[in-house]
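One structure is given below, encoded as structure tokens.
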Amino acid sequence: MDVRKAEASDIKAAVELAERSRRLLHKHQPTLWRKAANSAAATETSFVELLSEPGTYFLVALEGRQLQGILVARKFPGSPVFDPGGDTYLIDDFCMLEPHLWLTVGEALLSHVSTLIHEHGGVQILVVSADRDLGKAEMLRRSGLAIATNWWTRALG
């Protein structure tokens, strides 16, 4: 498996992976994660911009030529009432081709980005994970992460 910085040639497959993930999220929380009609185009634009955005790590994992997973970590502005002692990075776009890949590919991506962030002075990562994404949650637990907060939601009307 090859874990590396994303390149322009990875964008199409990365968008497809993100769209697949969004369809699954929508099933779990159809209001919070209602997929926008233009989500693929918006994601492509965003991913292209992320390739050169300072303070951002956009990584891909490949087996041969097959994209297995993606991870995007972006510097996250801290609250003025908390001081973790350095930069925090938010990992939101973090998707696998198949759920069983979380414990291998997902862990490799998370380990790689954690090292990069630490080497550049970051002190903390925050990873977004859906409540029902059990494979991802298991990988996060095994990687030493802890739940710091939960979002509770209910559709109105």
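Quick one: would you say Ala42 is out of contact with any His (no Cβ under 6 Å at 6 or more places or on another chain), closer than 23 Å to Ala13 by Cβ and either at pLDDT 90 or above or assigned to a loop (DSSP other than H, G, I, E, B) (or both)?
Numbers: out of contact with any His (no Cβ under 6 Å at 6 or more places or on another chain): yes; closer than 23 Å to Ala13 by Cβ: yes; either at pLDDT 90 or above or assigned to a loop (DSSP other than H, G, I, E, B) (or both): yes.
When the stated conditions are applied, Ala42 passes them.
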### Query
If you scan the stretch 32-50, which residues turn out to be β-branched (Val, Ile, Thr) and in contact (Cβ under 8 Å) with a residue 24 or more places away in the chain?
Thr43, Val48
### Task
Considering each residue of the stretch 123-157, count those that are in contact with a Gly (Cβ under 8 Å, 6 or more places away or on another chain) and in contact (Cβ under 8 Å) with a residue 40 or more places away in the chain, and give that number.
2
### Task
Kindly check whether there is at least one residue in the stretch 126-139 that is in contact with a helix residue (DSSP H, G or I) (Cβ under 6 Å, 6 or more places away or on another chain), surrounded by 12 or more Cβ atoms within 10 Å (Cβ to Cβ), closer than 28 Å to Glu49 by Cα and of a type outside the set (A, V, I, L, M, F, W, C).
yes
### Message
I'm trying to understand the selection: among the residues of the stretch 22-45, which are of a type in the set (S, T, N, Q) and either buried (at least 16 other Cβ atoms within 10 Å of the Cβ) or under 22 Å from Pro99 (Cβ atoms) (or both)?
### Response
Gln29, Ser39, Thr43
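The values are calculated or read from the model by the stated rules, or taken from the named source; none is laboratory data. Keep in mind that this is a model prediction, so the values were computed, not measured. Using ideal geometry, Cβ is built from the backbone for each residue, glycine included, and neighbour counts are taken over all protein chains shown.
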